[in-house]
Structure formats: C-alpha cells, structure tokens
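The next block holds one structure in the form of structure tokens; read it before the comments.
The values are calculated or read from the model by the stated rules, or taken from the named source; none is laboratory data. Being a predicted model, the structure only gives us computed values, none of them experimental. Neighbour counts are summed over all protein chains in view; Cβ atoms, including those assigned to glycine, are modelled from backbone coordinates with ideal geometry. Only protein heavy atoms, including side chains, enter the accessible area calculation; ligands, DNA and RNA are left aside. Shrake-Rupley method; radii C 1.70, N 1.55, O 1.52, S 1.80 Å.
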Amino acid sequence: MTAPAPLRIAVLSFAHTHALSYVHALSSMPGVVLIATDPDGASAPDDAPRGAELAAQLGVEYVDSYDEAFAWKPDAVVIAAENSQHRALVERAAAEGVHVLCEKPLATTVADAVAMREACDRAGVILMVAYPVRFAPAVRDAIGELRSGRLGRVLGVTGINNGTLPQDRAWFTDPELAGGGALVDHVVHCADLLDELLGERAESVRAVSNGILHAQRDLAVETGGLVTIRYPSGVIATIDCSWSWPLSSPTWGGLTLQIVAERGTLTVSPFATGVAGHDAHGETWAPVGADLDGLLLEEFVTAVRDGRQPQPDAGVGIRTVEIVKAAQASASRGGEVVALDA
C-alpha cells in the first residue's frame with residue numbers, strides 16, 4: 001500500500017506562547033511537514049525571541065511572510081497570532097481551502113467569530129479552536145463520571161484559572177491586540193470546559209474586574225476579575241480569572257474546577273501534579289502528565305486526515321467569546337447582569 005502524502009502544516013505567528021509547544025508537537029509527528037512564519041515578530045516589543053530567531057531555536061523551516069506561507073500550499077494552518085488578527089488569517093485560510101486550528105479566543109468580537117465560522121463553512125474547511133485543557137485525562141475522567149449519572153445532576157461549578165502576568169508577550173496587555181486583559185486570557189478555558197460539561201448555552205453573565213494587581217505597571221487592561229455565569233438548568237458557575245500569581249513563580253499558574261452535584265463533588269486540577277525543587281535561580285517546577293498541546297494537535301491532524309470536524313469547533317469558540325464579551329460589558333457597568341441571546 002502506498003503511504004499517504006505528507007501533511008503540510010504552516011504555523012502562522014509565534015505571538016502566542018503556545019506556538020512553541022505546537023511546533024514541538026508537530027515536529028515529532030510522522031507524516032507532517034512543517035514551516036512557520038512570524039512577520040510581526042521582529043517589531044514586537046517582547047522580551048522573548050520571535051521571528052526567524054525563534055524558528056532557528058525551534059529547528060523549524062521559516063518563511064518571511066504570510067504570503068510565502070500560503071504560497072507553500074499548506075493543507076492546514078495553526079494560527080497563533082495576536083487575537084485581533086485571527087479573523088483575517090482564518091478568512092484567508094478559508095479562501096485558500098486550508099484547514100484551520102485557531103488559538104483561543106477565536107476572536108475579539110462575537111461578530112468576527114461568527115464571520116469566521118461562516119467563511120470556513122462556505123469553503124468546506126475545518127475550523128477548530130485551541131482549547132487543550134479539555135484533552136486532559138483528569139477532565140475527560142470527570143466528565144465521564146458525571147455523565148454516568150452516579151453523582152446526579154450538576155448543581156454548581158467553581159472555576160479558578162489564575163496565572164502570572166504574561167509580561168514576555170506585551171500584546172496580551174494591549175486592549176486592541178488582545179481585546180482585553182485577564183477576562184479575555186483566562187475566562188475562555190473554563191468557559192470551554194463548562195460548555196462541554198453542561199451541554200447547554202449560558203443564560204446570563206455577571207462580572208467585576210479591576211487593575212489592582214500589577215497596578216504599578218499602569219496597564220490599560222484589567223488584571224483581575226470574577227465572573228458568574230447562570231445556565232438555563234439553574235447551574236451557577238463562577239470563574240476567578242486573575243493574573244494573581246507572582247512573577248517569581250516557577251510556573252505560569254493553574255486551572256481548577258470544583259463541581260458540586262446532587263450526590264457528591266469532584267475537583268479537577270490538570271496542572272497540579274509536578275516535581276518541585278530549587279536551582280541557582282530559585283524555585284523550579286516541572287509538570288508531570290500528559291502533553292495537552294500534543295493531544296490537541298493529534299486530534300486536529302487526525303481530523304484533517306480523516307476529513308471530519310474535530311471538537312472544540314467554531315460553535316464552542318463563539319459561545320466562549322459571547323461569555324467574555326458579556327463579562328466585559330457587565331464589569332464596565334458595575335457588575336450589572338447581562339443576558340445572552342437564546
């Protein structure tokens with residue numbers, strides 16, 4: 001039997017730090033040919049390397065522009081650009097007939113997210129959103145346990161997604177490029193897990209936020225927030241989404257879901273296991289467990305080869321953006337409850 005042709009995948013931008021692990025995961029996959037481009041990297045005000053310099057460190061072939069990347073005729077692209085650039089790149093990929101894995105959040109507005117889904121639907125290409133946490137074995141086990149019915153109906157969920165200020169990627173705190181601050185960066189992961197866990201669309205959102213954390217940096221976005229989401233079934237979920245971990249922390253942060261059901265509770269913390277220690281620079285932390293970005297990429301690559309739509313899809317991406325935008329609106333109005341369209 002003749003081996004299938006290699007799958008050609010282009011990584012578009014190193015703006016998001018997940019792009020580094022995406023390159024590592026794709027480079028190790030058999031039957032995948034990889035290139036990368038980061039045309040805005042040279043001018044980005046970032047402390048960490050980007051562009052051709054970072055590509056050389058990662059050992060991936062590099063081209064200088066998005067035009068060159070698409071001229072290479074990829075089968076699929078992984079978009080890790082600044083949030084505000086997602087729509088243009090997704091629509092270009094759709095116009096070229098190229099499948100897409102897009103970094104979260106899908107877009108900075110609901111209208112953009114909807115337009116991106118429509119463009120990919122018209123072109124008949126896959127649009128998957130990069131929510132790797134849902135691939136954590138602990139998350140999958142918890143969802144399986146709840147769906148078995150043993151614990152009864154879910155009554156409430158507390159979500160915590162805290163982390164350090166993403167200071168090595170300055171665009172995360174640029175309101176135009178990121179679309180917001182901690183509310184954008186950390187609400188969406190919990191919102192995705194709630195979407196999968198509850199299987200229903202949020203009914204209303206209430207949020208408060210402030211810039212007390214890292215106030216000395218005079219940032220133009222919120223650095224802390226608390227979001228409350230109500231669902232039609234009566235479930236109330238909260239998400240603490242603050243950049244509250246100290247910059248000296250040996251790891252970026254963590255995510256935890258505490259789920260209260262009729263006959264029991266579950267606590268899911270995919271990043272809690274690791275090996276702690278010290279070196280010449282202070283505390284160290286080495287995570288132990290599954291490579292979630294690798295599992296995400298395996299699902300995307302397999303779906304492209306099989307010609308099927310993987311999850312999480314654009315619908316999930318739209319629903320999570322809806323929650324973020326409602327949270328921003330609520331916070332701007334002093335915590336007013338914002339209803340979502342049915």
Between residue 285 and residue 210, what length in nm is gained on full extension when 0.36 nm per residue of separation is reduced by their alpha carbon distance?
24.1 nm
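For the range 185-332, which whole percent of the accessible surface, found with a 1.4 angstrom probe, sits on carbon and sulfur atoms?
Working: 3390 of 6720 Å².
After summing per-atom areas, the C and S share lands at 50 percent.
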Taking only protein heavy atoms and a 1.4 Å probe, what accessible area per residue, in Å², does the chain have with all protein chains in place?
43
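Taking 0.36 nm per residue of sequence separation and subtracting the Cα-Cα distance, how much length would be gained by fully extending the chain between residue 150 and residue 65, in nm to one decimal? It would help to have the intermediate numbers written out before the result.
Numbers: separation 85, 0.36 × 85 = 30.60 nm, distance 5.32 nm.
My answer for the length gained is 25.3 nm.
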With all protein chains present, how much of the accessible area of the range 1-138 (probe radius 1.4 Å) comes from carbon and sulfur, to the nearest whole percent?
53
How would 70, 271 rank on accessible area, largest to smallest, probe 1.4 Å?
271, 70
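State whether the range 238-313 is rounded, prolate or oblate according to the following rule on the C-alpha gyration tensor (a ≥ b ≥ c being the square roots of its eigenvalues): a/c under 1.5 gives rounded; otherwise a/b larger than b/c gives prolate, and the remaining case gives oblate.
Values: a/c = 2.33, a/b = 1.33, b/c = 1.74.
The shape class here is oblate.
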Considering amide H positions built from the backbone, and no H for Pro or chain starts, which residues 5 or more places from residue 104, or on another chain, come under 5 Å of its amide H?
130
Specify whether the C-alpha gyration tensor of the range 1-150 places it in the rounded, prolate or oblate class, a ≥ b ≥ c being the square roots of the eigenvalues: rounded for a/c under 1.5, otherwise prolate if a/b is larger than b/c and oblate if not.
rounded
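Please report the net charge: other residues with Cβ closer than 10 Å to the Cβ of residue 178, K and R +1, D and E -1. Don't skip to the answer; put the middle values down first.
Values: positive: 169; negative: 82, 174, 176, 185.
Net of charged neighbours comes to -3.
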For the chain, rounded, prolate or oblate, judged on the Cα gyration tensor with a ≥ b ≥ c (square roots of eigenvalues), a/c < 1.5 rounded, else prolate if a/b > b/c?
rounded
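Once the Cβ-Cβ distance between residue 88 and residue 141 is put in as r, and R0 is 41 Å, what FRET efficiency do you end up with, to the nearest 0.05? Each step should come with its number before you reach the end.
Numbers: r = 38 Å, r/R0 = 0.94.
Efficiency computed from Cβ-Cβ geometry: 0.60.
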Calculate the spin-label point distance for residue 305 paired with residue 220, positioning each point 7 Å from the Cα along the beta-carbon direction, and give it in nanometres.
4.5
The chain: angle of helix 314-332 to the longest principal axis, Cα-based, in degrees nearest 10
50
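On a full-extension model of 0.36 nm per residue, what is the gain between residue 158 and residue 8, subtracting their alpha-carbon distance, rounded to one decimal in nm?
Values: separation 150, 0.36 × 150 = 54.00 nm, distance 4.06 nm.
Full extension of this stretch gives 49.9 nm more.
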With everything on Cα atoms, drop me the angle between helix 110-123 and the longest principal axis of the chain, reported from 0 to 90° to the nearest 10.
40
Just how much of residue 269 is accessible, in Å², when a 1.4 Å probe is used and the result is rounded to the nearest 10?
40
Keeping all protein chains in place and using 1.4 angstrom, which order do 141, 218, 38 fall into by accessible surface area, from largest down?
218, 141, 38
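Counting only helical runs of four or more DSSP H residues, what would the 222 nm mean residue ellipticity of the chain come to if each run contributes -39,500 (n - 2.57) and the total is spread over all its residues?
Numbers: 10 runs with 114 residues, N = 342.
Helices in the chain give a 222 nm mean residue ellipticity of -10000 deg cm²/dmol.
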